[in-house]
Amino acid sequence: MNFNIMAAKASGGGSTMMMLVLIAVMFVAMYFFTIKPQKKRMAEQQERLSKVKKGDAVIIRSGLHGVVDSVDQNKNTFVLDANGIFLTFELGAIMQIVDNNKFPKEHLNTKEDTDTAKETTEENSDDSNEETASKDND
């Protein structure tokens with residue numbers, strides 16, 4: 001009877017050691033399948049963000065499309081030109097840098113678009129001034 005107790009104790013020690021080895025193997029596998037690829041993707045993303053320059057067509061994480069107007073690497077920010085509306089974002093907000101040839105033309109600001117926008121703004125301000133003057137006369 002004592003032999004059965006001794007055999008149970010001896011076999012229990014081996015299974016504990018096997019369990020520790022299995023846990024260690026699981027951690028190593030988790031490192032190679034999740035942590036290492038994630039670090040690689042983060043390094044690639046940082047590399048892409050460091051190469052962002054004026055004139056690049058980008059899509060930010062919120063889905064806004066635009067063209068980079070300026071980049072401040074010290075502050076880690078960029079100014080996005082979205083059809084004449086200038087917005088400042090952190091570089092990390094860039095989801096994708098798009099090839100200018102594949103970027104929708106209506107999102108790319110050209111000199112003509114900028115001139116048209118200025119003319120429209122001036123016309124609208126003239127109209128609002130006329131409306132204000134007519135209200136004052138009433």
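Tabulated values for the structure
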read-out: Among residues of the range 30-77, those that are surrounded by 11 or more Cβ atoms within 10 Å (Cβ to Cβ) and closer than 14 Å to residue 96 by Cβ, counted; value: 15
read-out: The range 19-67 - residue that is out of contact with any strand residue (DSSP E or B) (no Cβ under 9 Å at 6 or more places or on another chain) and of a type in the set (Val, Ile, Thr) and, of those, farthest from residue 90 (Cα to Cα); value: 21
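FYI, it's all coordinate maths here, none of it is from the lab. Just so it is clear, the model here is predicted, and its values are computed rather than measured. Neighbour counts are summed over all protein chains in view; Cβ atoms, including those assigned to glycine, are modelled from backbone coordinates with ideal geometry.
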